[in-house]
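Written out below as structure tokens is the structure these notes cover.
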Amino acid sequence: MTGMITLDSGFANTGSCKSAITFMDGERGILRYRGYPIEALAEHSSFREVAYLLINGELPNRKQITRFSVLLNDHSLVHEDMRSFFGSFPRASHPMGILSSMVNALKSFYPYLEGEEELNTTVARLISKVRTLAAMSYKIFRGHTVVYPRPDLSYCENFLNMMFDSPVRPYEIDPDVVQALSVFLILHADHEQNCSTSAVRLVGSGRVNLYAAISAGIAALWGPLHGGANQAVIEMLTNIVEKKIPLKDVLARAKDRNDPFRLMGFGHRVYKTYDPRTRIMKKMCDRLLTKLNIHDPLLEVAQALEEIAVKDSYFVDHNLYPNIDFYSGIVLRAIGIPTNMFTVMFAIGRLPGWIAQWKESMDDPEWRLNRPRQIYTGPTQREYVPLDER
Ligand code: SDX
């Protein structure tokens, strides 16, 4: 076929690329970050460590992780002039739209400098400030006092404290909740060339600054077929519970090809078996809700829905299994994150992966401006017709 571009030309025209960051096997349900199985990282690592691994290619030693933590802490505050931006958004604004705008605005406050050291600073600044911006947005939109990051808290502890601490009711950091959040973020940290990562690579190929490329990734993640599915799953489960919809009717509707959303949280472009992240997320659901003594009817419905769907011939024939979004919202609800911030949590998790993928493409000597071609299906050449003759 003419115009077929080999992989050697990188991502430039085909939408596929070479990458050494994340390995996925959709048939066997395998996911590895830089060769480390997701199960081992979820069990033994921290989100900070996984972020370092994805971006630098190796697990950090003690000196490296300490240096990275200091950078994250040093760059955890947001320029005070940015606080006024929040007030300009209508109250009904979705946190993903706010986050995408605020991340783009970071470029105006933090000039993007070249050079390795500056890149490390820019990376730490982004990973740290995105978390602060998310918590600030939550507080400001509720009219509550903004809580600042603290040097004595870890990445996840700081986020929870910035979200839920208040002058009248100090937030008590629960190690089980911190661990659940860290695992949640690890499970979302990278996933090969998904929609939002491809957006980051595509926008980045124009050699725009990292903030703008990440802002594009946040916008791409927002959609309900991609990162927005975690919010859509909870809305679907809530609807089932509130309207007492029989699960067999839910499955029947999901098979209707005209239904744009089908069964939210099910199916995947790559996994044609169980998403390995879902197994971990499901176990964490059980563990966290038991520890917190929470009874969430949505979890029961989700488990019952999965049980009948995975035996249903349509789902079996189409290789449809629960993906990461099917149970992730249950964990976030237990932590106390509002539903409209679920995809923001996905973005905080995915940020190191986006940065790693962007960096890999920038460092690729064969990397060129991404400029896909098309198969033209429009009219052949035509003569211009003056207005009065049409
Ligand atoms: C994420 O790419 C990534 O890695 C993404 C992600 C990441 O970490 O970055 O994993 C995160 O985005 C997970 C997906 C979240 N989205 C949802 O849960 C939304 C619901 N899922 C579907 O919209 C769908 O499964 C997609 C969009 C995820 C995948 O769509 P595809 O690739 O078009 O699905 P497919 O080609 O594998 O579909 C095969 C068949 C089709 O039926 P036919 O047209 O052949 O008859 O299965 C059907 C689809 O219509 N199908 C579904 C279905 N998903 C696919 N039928 C019912 N319910 C569903 N959820």
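The values are calculated or read from the model by the stated rules, or taken from the named source; none is laboratory data. Keep in mind the model is a prediction, meaning the values are calculated, not measured. Ideal geometry is used to build each Cβ from the backbone, glycine not excepted, and the neighbour counts take in all protein chains shown. We work out accessible area using only protein heavy atoms, side chains counted, and drop any ligands, DNA or RNA first. Shrake-Rupley method; radii C 1.70, N 1.55, O 1.52, S 1.80 Å.
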Query raised in the report: Any idea of the accessible area per residue across the chain, 1.4 Å probe, to the nearest Å²?
Result: 49 Å²
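So for the chain, averaging the separation of alpha carbon pairs under 8 Å that are six or more residues apart and normalising by length, what relative contact order in percent results?
Details: 508 pairs, mean separation 96.6, N = 390.
About 25 percent, as a whole number.
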Query raised in the report: Quick one: if you take sqrt(5λ) for each eigenvalue of the C-alpha gyration tensor of the chain, what semi-axes come out, biggest first, whole angstrom?
Result: 32, 30, 23
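Using the per-residue mean of other Cβ atoms lying within 10 Å as a proxy for protection, in what order, highest first, do the peptides 344-350, 168-174 fall? Please report the intermediate quantities before stating the final value.
Numbers: 344-350: 26.9, 168-174: 11.3.
Most protected by this proxy first, the peptides run 344-350, 168-174.
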Requested in this report: Go ahead and set up a Gaussian network model of the chain, Cα springs under 10 Å, then flag whichever of 340, 73, 239 fluctuates most.
Outcome: 239
Report task. Please sort by residue number the GluC sites (Glu not before Pro) in the stretch 247-328 whose DSSP state is loop and whose Cβ has at most 15 other Cβ atoms within 10 Å. Result -> none
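Could you sort the peptides 242-250, 326-334, 374-382, 221-229 by per-residue average Cβ neighbour count (10 Å cutoff), highest mean leading?
Result, highest mean first: 326-334, 221-229, 242-250, 374-382.
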Report summary line: Of 144-153, 16-25, ordering from highest average Cβ density within 10 Å down gives 16-25, 144-153
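With contacts defined as alpha carbon pairs under 8 Å and 6 or more residues apart, what's the relative contact order of the stretch 50-185 in percent? Show your work: numbers first, answer last.
On the way: 103 pairs, mean separation 31.0, N = 136.
It comes to 23 percent, rounded to a whole number.
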Requested in this report: Within the stretch 82-133, report the trypsin sites (Lys or Arg not before Pro) that DSSP leaves as loop and that have at most 14 other Cβ atoms within 10 Å.
Outcome: 91
Query raised in the report: Which of 370, 158, 293 moves the most in a Gaussian network model of the chain with Cα springs under 10 Å?
Result: 293
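In the neighborhood of residue 149, defined by Cβ-to-Cβ distances under 13 Å, what is the net charge if each Lys or Arg adds +1 and each Asp or Glu adds -1? Before the final figure, lay out the partial values.
Numbers: positive: 125, 129, 131, 139, 150; negative: 74, 152, 157, 165.
Charge balance in the 13 Å sphere: +1.
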Requested in this report: Pick out, in residue order, every one of the GluC sites (Glu not before Pro) in the stretch 319-390 that is DSSP loop and has at most 11 other C-beta atoms within 10 Å; say none if there are none.
Outcome: 383
Requested in this report: Using a 1.4 angstrom probe on heavy atoms only, work out the carbon and sulfur share of the accessible area of the chain in %.
Outcome: 53 percent
Report task. Could you tell me the distance between the Cα centroids of the stretch 284-308 and the stretch 343-363, to the nearest Å? Result -> 29 Å
Query raised in the report: Over the stretch 194-323, what relative contact order in percent results from Cα pairs under 8 Å that are six or more residues apart?
Result: 23 percent
